[in-house]
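Enquirer: Have a look at this one.
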Amino acid sequence: MGIALYQLTKLLTPKDFEDLSQLSARIKNRDMPGEFLTSWDDFMATYEARGPLEMDQASPRYGDDPMLALRQMSFMIGDNNSFNPELAHQRQVKERQEAFQQLMTRLGWFERRLLGRAHRIIELFAGVRDTPKHQAVLFNYAMRKRALIEGEELQKTGRLDCAEQIFELTLSDIEKAKEQPLLDLNLLREKHTQFLKLLKYQVTEFPQIIDSRGRILRPAPKKEKPNEICGMPVSPCVVNGRVKVLRTPHEKTIDEGDILVAYTTDPGWTPLFVNAAAIVLEVGGVLQHGAVVAREYGKPCVVGVDRVVTKLQDGQQVEVDGFTGVIRLLS
């Protein structure tokens, strides 16, 4: 999906992205080159159910709001086009195949049979790891579209200001609304969202674990040297860059050479990896999305850094060591 977005980006010019609203209107009116429109239609047919924060039914998807894709495409415009994720992917595939052949020449006949069988199984089935998540996203999108139908009906009768407000009601509320034409849905919405609004106002970050007594459990502090932060290395390489902290994938742009710092990532964050020099995450592991994409793109990644989104600030110069998991503060 990330590569497909990158390919779409390369069919346009930087000038096209100066006004995303105008670009969206041109696409809607089919006032674009035929090659781009064909690729755009193919992308939407395949990935309309995906998008940033895609596990939340209340979050719009590419199929709902094309601006989501256009905004992410605008993040992939580099100053010198020094990184191409498609070529990086092809290079990684070639290097993996070469590494496999080298290992096969060093092993005895029995080890070769074991390695060959394991390699074949991984080639055939490793990709299905994401299948359950993808199916869940498709199901959620179908539920979202069905809910929006109800929201549109309630909007037409003036009981909701917009269809999206349906996600601030419960299924029981929707059933009651059909039976009770005078039921005040705005009052119910206010009741349901009161606590969420309070959280949004008062809580800047959620701890990873809270037990039944309300105690916040955190990992034991690591022994760190001055001006160093330690995590788990999941993608090897060492780079220097400027910190850019994001709490959502569309909060701000990632310029070439920035160090992307976030709580965690999902496929909706992938376009940001194109310009990022390295990725640092509070939550993740070897098989987490950020780690997998970082390795595929050949960029260093460190995860498991407790409260990293508050420890680092925009503009700081750091060195990210994807071999040791150490982030060194340079300024």
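Enquirer: Taking the chain as the reference, fit the longest principal axis to its C-alpha atoms, fit the long axis of helix 109-125 to the helix C-alpha atoms, and give the angle between the two in degrees, 0 to 90, nearest 10.
Expert: Taking Cα atoms only, the helix is inclined about 20 degrees.
Enquirer: Right, here's the next one. Using modelled amide H (1.01 Å from N, peptide plane; none on Pro or chain starts), what sits under 5 Å from the amide H of residue 303, excluding residues fewer than 5 places away?
Expert: Amide H neighbours of residue 303, under 5 Å, 5+ apart: 232, 234, 281.
Enquirer: For residue 228, which sequence-distant residues (separation of 5 or more, or a different chain) have an amide H within less than 5 Å of its own amide H, given hydrogens modelled in the peptide plane?
Expert: For residue 228, whose amide H was placed from the backbone, the distant partners under 5 Å are 329.
Enquirer: Let me ask something else about it. I'm spelling it out carefully: the read-out is Kirkwood radius over Cα pairs in Å, the candidates are (1) 21.4; (2) 20.5; (3) 22.8, and one was derived from this structure. Which label?
Expert: From the options (1) 21.4; (2) 20.5; (3) 22.8, the structure gives (3).
Enquirer: Given the options 186, 29, 227, which has the most mean-square fluctuation in a GNM of the chain, springs set between C-alpha atoms less than 10 angstrom apart?
Expert: Largest GNM mean-square fluctuation: 29.
Enquirer: Relative to the longest principal axis of the C-alpha atoms of the chain, give the angle of the C-alpha long axis of helix 131-156, reported between 0 and 90° and rounded to the nearest 10°.
Expert: Computed tilt is about 20 degrees.
Enquirer: On to the next question. From the cross-link list 156/252; 28/299; 156/176; 145/191, which pairs have alpha carbons spaced over 27 Å apart?
Expert: Too far apart for the 27 Å limit: 156/252; 28/299.
Enquirer: Can you work out the Karplus-derived ³J(HN,Hα) for every residue in the stretch 56-72? Use 6.51 cos²θ - 1.76 cosθ + 1.60 with θ = phi - 60°, whole Hz, and x for glycine or proline.
Expert: With coefficients 6.51, -1.76 and 1.60, one gets 9, 4, 6, 7, x, 10, 4, x, 7, 9, x, 4, 4, 5, 5, 5, 5 Hz.
Enquirer: A further question on this structure: Only loop residues by DSSP count here, and only those with at most 15 other Cβ atoms within 10 Å; note down the trypsin sites (Lys or Arg not before Pro) in the stretch 252-331 that meet that.
Expert: Answer in residue order: 252, 307.
Enquirer: For every helix of n ≥ 4 consecutive DSSP H residues, a contribution of -39,500 (n - 2.57) applies; sum these over the chain, divide by its total residues, and give [θ] at 222 nm rounded to the nearest 500 deg cm²/dmol.
Expert: Result for the chain, helices only: -14000 deg cm²/dmol.
Enquirer: Decide, for the stretch 2-75, between rounded, prolate and oblate: order the square roots of the alpha carbon gyration tensor eigenvalues as a ≥ b ≥ c, take rounded if a/c falls under 1.5, and otherwise choose prolate if a/b is larger than b/c, else oblate.
Expert: prolate
Enquirer: Right, next: Between the stretch 103-160 and the stretch 175-194, what's the alpha-carbon centroid distance in Å?
Expert: Centre-to-centre distance over Cα atoms comes out at 36 Å.
Enquirer: What's the center-to-center distance, using Cα atoms, between the stretch 1-60 and the stretch 219-251 in Å?
Expert: What the calculation gives is 31 Å, centre to centre.
Enquirer: Now a separate question. Have a look at the DSSP beta bridges in the chain and tell me what percent are antiparallel, nearest 5.
Expert: Rounded to the nearest five, the antiparallel share is 60 percent.
Enquirer: Which one, 209, 229, 77, has the greatest fluctuation when you compute a Gaussian network model over the chain with C-alpha springs under 10 angstrom?
Expert: 209
Enquirer: Could you tell me how many degrees, from 0 to 90 and to the nearest 10, lie between the Cα long axis of helix 185-202 and the main elongation axis, the longest principal axis, of the Cα atoms of the chain?
Expert: It works out to around 30 degrees.
Enquirer: Given just the C-alpha atoms of the stretch 196-299, how large is their convex hull per residue in cubic angstrom?
Expert: Convex hull of Cα atoms, per residue: 149 Å³.
Enquirer: Please list, in order along the stretch 16-28, the HN-Hα scalar couplings obtained from phi with the Karplus expression 6.51 cos²θ - 1.76 cosθ + 1.60 (θ = phi - 60°), rounded to whole Hz, x for Gly and Pro.
Expert: Residue by residue, the stretch 16-28 yields 4, 8, 5, 9, 5, 5, 5, 5, 4, 5, 5, 5, 4 Hz.
Enquirer: Choose one answer from 35, 205, 319: the residue with the largest mean-square fluctuation in a GNM of the chain with alpha-carbon springs under 10 Å.
Expert: 35
Enquirer: Give the order of 269, 40, 109 when sorted by the count of other beta carbons within 10 angstrom, beginning with the fewest.
Expert: Neighbour counts put them in this order, fewest first: 109, 40, 269.
Enquirer: Another question about this same structure. Can you say what percent of the DSSP beta bridges in the stretch 203-331, counting only those with both residues inside, are antiparallel? Round to 5.
Expert: 60 percent
Enquirer: On to the next question. Any idea what the dipole of the chain comes to, in debye rounded to 20, about its Cα centre with Lys/Arg Cβ at +1 and Asp/Glu Cβ at -1?
Expert: 1180 debye
Enquirer: Just want the ordering: 89, 289, from fewest to most Cβ atoms lying within 10 Å of their own Cβ.
Expert: Listing 89, 289 from fewest to most nearby Cβ atoms yields 89, 289.
Enquirer: Along the positive direction of the dipole of the stretch 186-331 (beta-carbon charges: Lys, Arg +1; Asp, Glu -1; about the Cα centre), which of 194, 209, 293 reaches farthest?
Expert: Most positive-ward Cα: 194.
Enquirer: Residue by residue, what Karplus-based ³J(HN,Hα) values in Hz, rounded to whole numbers, does the stretch 281-292 have, using 6.51, -1.76 and 1.60 with θ = phi - 60° and x for Gly and Pro?
Expert: Residue by residue, the stretch 281-292 yields 10, 6, 10, x, x, 4, 9, 6, 3, x, 5, 5 Hz.
Enquirer: Sorting 128, 238, 303, 326 on the 10 Å Cβ count, fewest up front, what's the list?
Expert: Arranged by neighbour count, lowest to highest, 128, 238, 303, 326 become 128, 238, 326, 303.
Quick note: the coordinates plus some simple rules give every number you see, no bench work behind them. Keep in mind the model is a prediction, meaning the values are calculated, not measured. Counting neighbours? That spans all protein chains shown, and the Cβs are built from the backbone with ideal geometry, glycine included.
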